[in-house]
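The values are calculated or read from the model by the stated rules, or taken from the named source; none is laboratory data. Everything numeric in this text was worked out from a predicted model, so none of it was measured. Quick reminder, even Gly has a Cβ in these numbers, built from the backbone with ideal geometry, and neighbours come from all protein chains shown.
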Amino acid sequence: MSAQISVYGTVGKRQRVIVNHVEFSKYRDGEIFQYDVVLKPEEGEFKKPPRPEFARAVFEQGMSDHRNTKLKNTPMVYDGRKIAYAAKRVCGKKETLSLAVKYEENGRENNLVIQFREAAVIDASSITRFIRDGGGMDFADIQPALNALDTAIGSVSRKDMVGFGRSFFTRAQSMQIGGGLELWRGFSLSVRPGVDRLYLNVNTAVTAMYAPNELLQTLMDMFNVRDPFRLRDQLTPQSLRRVDSYLRGLELVLSHRGIRGNRRLVAKSLTKLPLDKEAFEWEDPSKPGQTKKLTIAQYYRRRYNVDLTHPYLPGVLSTRGAVFPIELCVVADRQRFKGKLDDRQTADMVKFACQRPHENMNRIIEVLQALDLDASPVIKSFGIAMNSRLAEVESRVLPPPVVKYDAKSREPSLTPVGGAWNMRNKRVTTSGTPLRHWAVLVLANQRHVPTNMAQNFVKVLVDMCNQTGYPIIESRPPITHGNPSGDIVREMRRACNAIKLPPNTAPQLLLVVLPSMDSHIYQTIKNVAYTTLGIQTQCMQSKHMQRPNPQYCANVCLKINAKLGGTNQCLEQPHLQKLLHKKPTLFLGCDVTHPAPGETKPSIASVVGSTDFMGLRYAATLIQLPSRQEIVEKLQEAVVRHLRLFYKGTTIKPTHIVFYRDGVSETQFSQVRDLELVAIQRACASIQPGYNPEITFLAVLKRHNTRFFPMGRDGDRTGNCVPGTVIDRSVTMPTFFDFYLFAHAAIQGTSRPTHYYVLQNGVGFTADEIQQLTYHLCYTYAICTRSVSLVPPVYYAHRVADRARCHLVDMGTSFEEASSASKGHYGGVGVTTSGQAAEPGSMSKIIKTHDRLDGSMYFM
């Protein structure tokens, strides 16, 4: 029992909070039968798997037709693909149950067969054993039973909504966001184990959907044109990439008088040529054996007697290689958009999704009332009964740390209130290398940002930096104007050459003024800086130059100081060392980022490691992985590098390593811990035989659906839980040492806590120690005067992974020096410049950061 008690903390003010969980009062504790489901035509086979929506409709029809006969009144639930569940056996262990179904869609009758074959018998009592004492089980051991309950509960929601996995959406509350997309509100449902309890987690959700419309009108809206003829002019090679991204995987309906019924197709891209130029060899059905070259436009006239109105536009290329006219295509309804939203659409998404905590909680209560789960015969068949109210759990509010600045500050130490403080009359803890050799490159229009305006901004920035304790020696750097549409490499070199540098000296910093936050220009600038020139860069938008704001300049100062080796604030050293058991500690953070759906680019792992005793300075390592791989294969080499950098910065080898690992799901915990813990241990042993520091390994989950709501007046001004709120009881995992932590103050919307799992506790942290350590580190994020929601080693790893796309050299800019950086720690990966022809389907390559930036916080 003592081992269990040790995972619960005691520090802080206790208070009750409401959680978006509903407790099960009853659930099936016996057998659940899992069936493999095959849906096929009465004769032959489907050429490709049917749409989940179609499959579910056929399944429901089959249930209705055969419920009283072959199914013996046994309700079944279906995941829309290959698996169904029932609370009773519907056919013998080695039998196949076949249900004949007549299903009508779009005026066409389909004669189909659904076949069931028993695949597994799930012991639902495993959940009870797991939540009571763990039973020596992993989370993965109860996943089959949870999946069955999820599918049963989800089946109640699917009747009136569009479902994707455990989330369900409706157009009843929607908003158009342009570009052929709209936003839908919905909710997610998932069964979650707690300590001695089973819960249903209910959360609000928002997703982007394709707006049903004629495809031609959608593309005209996308480019803001009213005339299809003008649309032709907008379809440049660059804009075609945007259209292809929208179309990839999109289901379209083709309907015109020459084709019977509605024909569906899945789009891949647009053709490169217009339909009056795109040609193929056609065999006339009336003259077998004779072929003739026809354009697509001519084919539609000959084959279907359809004269295309817009033959000057390209066609839609389907996944099967056929070409269809845009003007005859309609975007099918109820499709989820899986691509990336642009900046404006993302802002609309944030605004649409943003709900105050009490609004969010009320919406969840409305969802539960509308579902009325206890009234469902399917739910009853699985023995499920729910409590009617959201659960309450105990929380504690941890005290904030003392934040310290340079002793010359008017207020050298302070205790933040509400997770925030200000820099007024304060000087950074340690200053970076004084700034002597730097320049300003203005890529905005010279009329909008004339030289005198840039000079005025530089004066305010220099004054603020000097006041804040970061010394700028050269107060009048050269200012160069460049063309943002030109050769960015040349423009950056020209700006650097304007500095009168001593021999063998590189510029320390290039301040780049952008006309707007253009991601392509930004990435190109960072690419050149990281790989070719090896200089620190600080980008800013031109609008900030027009009226220099001291607060903005102070924020820029914090970034520059961090990049050039300084530290901005710190914690009290005795307190931090006490939490760390007075052991020299290396903090590591790791994150893995994957390519967008449909892309075959590599996954990128980013590892950051501290280089000082206080966990303030960090260096970064990037590792290329096979696409969508989660395990970090080259972690050993990365850790070796960070052990050496820690020794270089402190002259001491760490005796303790705290490793915060992001991006791992609960079912992967055992695998990731076992493989990556060994990689860290091997890294230590390779430094010196017998070197075996204690290792604490924490998994960090930010993407979860658990939310907490304060009661009474316990919340902050936004109605959220106050910074320092920690929950480590009831709704945590029965088999893990885990806790939820609100480390930050929300600015808007409903706060999401970060969920930390202690998978290895090498140093023997108590719950209070690891919770306070993690919370207090959130006050050390280098460029903020606020506590952040995520522990800084992971936050930095996120930033490094985000910058990784700037290391990709197939962005359309050729770097003549890039190939020289392809060897070194990053595994000697090859480099493809735009001047070389990349092999079809080859992955993008990442390259090593320039030696001059190695070990710096270039990613801030």
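For the stretch 389-418, a residue qualifies if it is of a type in the set (Ser, Thr, Tyr) and surrounded by 12 or more Cβ atoms within 10 Å (Cβ to Cβ), and the qualifying residues are 395, 405, 409, 413. Counting the residues of the stretch 220-241 that are without any contact (Cβ under 8 Å) to a residue 12 or more places away in the chain and either of a type outside the set (A, V, I, L, M) or closer than 16 Å to residue 339 by Cβ (or both) gives 10. Which residues, counting only those in the stretch 721-760, are under 19 Å from the mean Cα position of the chain (by Cα) and in a loop (DSSP other than H, G, I, E, B)? Matches in the stretch 721-760: 749, 750, 751, 752, 753.
Scan (1) touching a His at 6+ places or on another chain (Cβ under 7 Å); (2) farther than 30 Å from residue 804 by Cα; (3) buried (at least 17 other Cβ atoms within 10 Å of the Cβ) for the single condition residue 464 breaks and write down its number. Looking at each condition in turn, residue 464 falls short on (1). Residues that are over 30 Å from residue 191 (Cα atoms) and either of a type in the set (Val, Ile, Thr) or in contact with a helix residue (DSSP H, G or I) (Cβ under 8 Å, 6 or more places away or on another chain) (or both) number at least 3 in the following strands (runs of 3 or more DSSP E) confined to the stretch 12-116: 96-105. Starting from residues that are within 19 Å of residue 640 (Cα to Cα) and β-branched (Val, Ile, Thr), keep the ones in the stretch 687-716 and report whichever is surrounded by the fewest Cβ atoms within 10 Å (Cβ to Cβ). Ranking the qualifying residues of the stretch 687-716, first place goes to 687.
With respect to residue 691, is the statement that it is closer than 29 Å to residue 630 by Cβ, free of Cβ contacts under 8 Å to residues at least 60 places away in the same chain and assigned to a loop (DSSP other than H, G, I, E, B) true?
Criteria met by residue 691.
Output the residue which, of all residues in the stretch 586-617 that are within 28 Å of residue 423 (Cα to Cα) and among the hydroxyl-bearing types (Ser, Thr, Tyr), is nearest to the chain's Cα centre (by Cα). Restricting to residues being within 28 Å of residue 423 (Cα to Cα) and among the hydroxyl-bearing types (Ser, Thr, Tyr), the top hit is 610.
Scanning the stretch 639-681 for residues that are surrounded by fewer than 23 Cβ atoms within 10 Å (Cβ to Cβ), in contact with a helix residue (DSSP H, G or I) (Cβ under 6 Å, 6 or more places away or on another chain) and either modelled with pLDDT under 95 or part of a loop (DSSP other than H, G, I, E, B) (or both) turns up 653, 664, 666, 667. Of all residues assigned to the stretch 423-438, at least one qualifies as being in a loop (DSSP other than H, G, I, E, B), among the hydrophobic types (A, V, I, L, M, F, W, C) and in contact (Cβ under 8 Å) with a residue 60 or more places away in the chain.
Quick grid of which residues meet (1) surrounded by 14 or more Cβ atoms within 10 Å (Cβ to Cβ); (2) closer than 30 Å to residue 199 by Cβ; (3) in contact (Cβ under 8 Å) with a residue 40 or more places away in the chain:
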site: 92; (1), (2), (3): no, no, no
site: 95; (1), (2), (3): no, no, no
site: 110; (1), (2), (3): yes, no, yes
site: 114; (1), (2), (3): yes, no, yes
site: 121; (1), (2), (3): no, yes, yes
site: 132; (1), (2), (3): no, yes, yes
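The residues in the stretch 386-401 that are part of a loop (DSSP other than H, G, I, E, B) and either touching a His at 6+ places or on another chain (Cβ under 7 Å) or without any contact (Cβ under 8 Å) to a residue 12 or more places away in the chain (or both) can be counted, and the count is 1. Does residue 510 satisfy the criteria of being in contact with a Cys (Cβ under 7 Å, 6 or more places away or on another chain) and surrounded by 14 or more Cβ atoms within 10 Å (Cβ to Cβ)? In short, yes. Which of (1) at pLDDT below 95; (2) touching a Cys at 6+ places or on another chain (Cβ under 7 Å) does residue 239 not meet, given it meets every other one? It is condition (2) that residue 239 fails. Somewhere in the stretch 177-185, is a residue crowded, with 18+ Cβ neighbours inside 10 Å, out of contact with any strand residue (DSSP E or B) (no Cβ under 9 Å at 6 or more places or on another chain) and farther than 25 Å from residue 38 by Cβ? Yes, there is a match, as at least one residue in the stretch 177-185 is crowded, with 18+ Cβ neighbours inside 10 Å, out of contact with any strand residue (DSSP E or B) (no Cβ under 9 Å at 6 or more places or on another chain) and farther than 25 Å from residue 38 by Cβ.
Let's see how each residue does on (1) part of a loop (DSSP other than H, G, I, E, B); (2) under 33 Å from the mean Cα position of the chain (by Cα); (3) on the phi > 0 side of the Ramachandran plot; (4) of a type in the set (S, T, N, Q):
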{"site": "121", "(1), (2), (3), (4)": "no, no, no, no"}
{"site": "137", "(1), (2), (3), (4)": "yes, yes, no, no"}
{"site": "143", "(1), (2), (3), (4)": "no, yes, no, yes"}
{"site": "151", "(1), (2), (3), (4)": "no, yes, no, yes"}
{"site": "154", "(1), (2), (3), (4)": "no, yes, no, no"}
